[in-house]
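Let me begin by presenting the structure, written as structure tokens, before commenting on it.
The values are calculated or read from the model by the stated rules, or taken from the named source; none is laboratory data. Since the structure is predicted, the reported quantities are computational estimates derived from the model, not experimental observations. Every residue, glycine as well, gets a Cβ built from its backbone with ideal geometry; the counts of neighbours run over all protein chains shown. SASA here: full protein model, heavy atoms, side chains in, ligands and nucleic acids out. Shrake-Rupley method; radii C 1.70, N 1.55, O 1.52, S 1.80 Å.
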Amino acid sequence: MAIEINVIELTERYAKFIISGLTPASANALRRCMINEVPRMAIDEVNFYENTSVLFDEQLALRLGLIPLRADPGLYVLEDECTCEDGCSLCQSTASISAEGPIKIYSSDLVMGDENISVADDNILIVDLKDGQKLLLNAIIKLGTGEMHAKWQNAVVCGYKNIPHVSITDCNDCGRCVDVCPRDVFKCVDGRVMIGDDINCSCCNLCVEACELDGIVIEEDPEAFLFKLETDGGMTASALIVYAVRMLRDKAVRLKSVLERFSH
Ligand code: SF4
Ligand code: SF4
Ligand SMILES: [Zn+2]
């Protein structure tokens, strides 16, 4: 069966799409890849030269690590896979802050050492420096994956469900299913009960229990999935999907070549 994708909604950071022709294992592999395996850049180490703000170094370092950075992960390599010994422009980059209060320091105040990296949102408050308080730091940015730490996770929401199908086999138009359905799947038109948009069905079975004629059937398509994906802006939703699909394809190609070598 050919794989088909039907995009329902797509914005820079959000995607809702139906993908059909997949096994449940493949759908789950795609979900896990988008969450855990597609790499991204994030602040990993912070060297503090001066910090007289109200926040401890560790608190500031944690905040800095969680600021979403926008960068093409294809331009960098994981530290463990780099051929250098002490860090190079392929496996790390820098960002710095030098400020004295009174001033509020936002994510946009990070001075990047690499023009290919920027913050996804300018207005994330890092710290409010009061009069005379100083902050001087240099941060090391590295490539990582969600498997290593949540700060390297591109997808903040990524889930799917099998596509539901609702059908009515017997009906006296009593309207109970219309009343109990929390997703407004049923509608009443001129006294007749009909099925509207059954893709919204959550398979809660409330309508099945309410129907005295046992006239409602809820089914799930085992090979079609409704995905919802949201990123934090480090990558666009469409770029994350494409990146994950390419990673899965490359893994499958590598596995195939290994298996072929063993079978000869
Ligand atoms: S509850 Fe059953 S009988 Fe009543 S309107 Fe719905 S499908 Fe028809
Ligand atoms: S299973 Fe739940 S969500 Fe689906 S149609 Fe019935 S009541 Fe609505
Ligand atoms: Zn390196």
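Worth a mention:
- The listed residue being part of a loop (DSSP other than H, G, I, E, B) and either aliphatic (A, V, I, L, M) or more than 16 Å from ligand 2 (Cβ to nearest atom) (or both), out of GLY159, GLY146: GLY146
- Test: residue in segment 75-86 that is over 18 Å from ASP114 (Cα atoms), away from ligand 1 (no atom under 16 Å from the Cβ), open to solvent by 40 Å² or more (accessible area, probe 1.4 Å) and touching a helix residue (DSSP H, G or I) at 6+ places or on another chain (Cβ under 8 Å): no
For (1) outside the structural domain of LEU66 (by TED's automatic domain parsing); (2) out of contact with any Leu (no Cβ under 9 Å at 6 or more places or on another chain); (3) in contact (Cβ under 8 Å) with a residue 40 or more places away in the chain; (4) within 26 Å of GLY146 (Cβ to Cβ), each residue gets a yes or a no:
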residue	(1), (2), (3), (4)
ASP190	yes, yes, no, no
LEU213	yes, yes, yes, no
ILE216	yes, yes, yes, no
GLU219	yes, yes, yes, no
ALA237	yes, no, yes, yes
LEU259	yes, yes, no, no
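- Taking every residue in segment 40-62 that is open to solvent by 30 Å² or more (accessible area, probe 1.4 Å) and pairing it with any residue that is in a loop (DSSP other than H, G, I, E, B), at least 6 positions away or on another chain, the pairs with Cβ-Cβ distances below 6 Å are THR52/GLN133.
Quick grid of which residues meet (1) crowded, with 20+ Cβ neighbours inside 10 Å; (2) within 14 Å of ligand 1 (Cβ to nearest atom):
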position	(1), (2)
LEU136	no, no
ALA139	yes, no
GLN153	yes, no
CYS158	yes, no
HIS165	no, no
ILE168	no, yes
VAL185	yes, yes
VAL189	no, yes
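- Residues of segment 112-143 that are of a type outside the set (A, V, I, L, M), part of a strand (DSSP E or B) and within 18 Å of MET235 (Cα to Cα): SER118, LYS142.
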